[in-house]
Amino acid sequence: MHNLSLLQTAALLAALAACLSTFGAVAADSEPRQSAKQFKFTRTQTQTVNYLLYLPPGYEADSAKKWPLMLFLHGAGERGSELTRVAIHGPPRLVNSGTNFPFILVSPQCPEGQRWTNDALVGLLDDVQATYRVDKSRVYVTGLSMGGYGTWSLGSSYPERFAAIAPICGGGDLISVLLSTREKAGALRSLGVWAFHGAKDPVVPLVESQRMVDAFKKAGVKEVKLTVYPEADHNSWTETYNNPEFYEWMLKHQRQP
């Protein structure tokens, strides 16, 4: 194929310019080529959430007392329909080992092949708060790995529902923090946040927690910190949940009206 001469190239460009000019004039004079439409629909969805429930000693003795509530979210390995798997790690494991907690503990199970969704967890919280004597000003959420992601998501999307959150070896979506900064700024800024991660985590890199902590700080959260275990790999939850200071820190938080 021969190259175009300078005259041929100039003629081609001139013809193209004339076509574009004509197209612009036609488009400006014609009717709009796009119209505004609306699609309205209603979707009904039924979800079932299986969970372990722990009521603290003394719950039955005082029918007037309201109790703090901790929502625990397990990791991907505990998904399924065998509810006992939820107690492999974390606070439900400690309960099975004889630990008594001064709060209600709710530990749901995520179905196999799925991940934590805010809709299901908020629905569960609504039901538990309506059924049991929960102090709504002292509701907390914590989780590990996939549950850490779920914790970040709940805390950033519904900061008004929680007094404090503690995500472990997880990460999150920065856009949810940005949206809460605009829509729920006051609740977000007063949320207590303590994240944990292992420096040698090969599954969820440390940077995932760091970027969320940085985003919360940038959003103006007054109390947000990150504890990094220098020698820990993905399992940064055992040391965290075995530490009494973790529960003391969480229980001192109370959401103001």
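Taken together, the residues in segment 20-57 that are at pLDDT 90 or above and among the aromatic types (Phe, Trp, Tyr) amount to 3. Here the condition is being closer than 14 Å to Thr151 by Cβ and small (Gly, Ala, Ser); of Ser190, Ser180, Ser236, it holds for Ser236 alone.
Scanning segment 38-84 for residues being assigned to a loop (DSSP other than H, G, I, E, B), surrounded by 14 or more Cβ atoms within 10 Å (Cβ to Cβ) and among the aliphatic types (A, V, I, L, M) gives a total of 2.
Take the conditions (1) hydrophobic (A, V, I, L, M, F, W, C); (2) farther than 14 Å from Gly143 by Cα; (3) not in a helix (DSSP H, G or I); Val106 misses just one of them, which is (2). Looking at the structure I just gave you, is Arg255 of a type outside the set (A, V, I, L, M, F, W, C), under 20 Å from the mean Cα position of the chain (by Cα) and assigned to a loop (DSSP other than H, G, I, E, B)? For Arg255, the condition - of a type outside the set (A, V, I, L, M, F, W, C), under 20 Å from the mean Cα position of the chain (by Cα) and assigned to a loop (DSSP other than H, G, I, E, B) - is met.
Looking only at segment 125-173, residues that are surrounded by fewer than 23 Cβ atoms within 10 Å (Cβ to Cβ), of a type in the set (Ser, Thr, Tyr) and assigned to a loop (DSSP other than H, G, I, E, B) come to 2 in all.
Would you point out which residue out of Ser176, Ser209, Ser180 is more than 20 Å from His253 (Cβ to Cβ), hydroxyl-bearing (Ser, Thr, Tyr) and part of a helix (DSSP H, G or I)? Exactly one residue qualifies, and that residue is Ser176. Residues in segment 232-245 that are buried (at least 18 other Cβ atoms within 10 Å of the Cβ) and outside any loop (DSSP other than H, G, I, E, B): Trp237, Thr240, Tyr241. Contact map, segment 218-231: residues that are under 19 Å from Pro205 (Cα atoms) paired with residues that are in a loop (DSSP other than H, G, I, E, B) and at pLDDT 95 or above, Cβ distance under 7 Å, separation 6+ or inter-chain. Pairs shown: Val228/Ala199; Tyr229/Ala199; Tyr229/Ser236; Pro230/Ala199; Glu231/Lys200. For segment 49-62, the set of residues classified as in contact (Cβ under 8 Å) with a residue 12 or more places away in the chain and either out of contact with any strand residue (DSSP E or B) (no Cβ under 8 Å at 6 or more places or on another chain) or among the hydrophobic types (A, V, I, L, M, F, W, C) (or both) consists of Val49, Leu52, Leu53, Leu55, Pro57, listed by residue number. On inspection, Arg133 fails the criterion of being in contact (Cβ under 8 Å) with a residue 24 or more places away in the chain and in contact with a helix residue (DSSP H, G or I) (Cβ under 9 Å, 6 or more places away or on another chain).
If you go through segment 162-190 and pick out every residue that is under 21 Å from Gly90 (Cβ atoms) and out of contact with any strand residue (DSSP E or B) (no Cβ under 6 Å at 6 or more places or on another chain), you end up with 3. Are any residues in segment 220-231 surrounded by fewer than 20 Cβ atoms within 10 Å (Cβ to Cβ) and assigned to a loop (DSSP other than H, G, I, E, B), and if so, which ones? Listed by number, the residues that qualify are Gly220, Lys222, Pro230, Glu231.
The values are calculated or read from the model by the stated rules, or taken from the named source; none is laboratory data. These numbers were taken from a predicted model, which means no experiment stands behind them. Every residue, glycine as well, gets a Cβ built from its backbone with ideal geometry; the counts of neighbours run over all protein chains shown.
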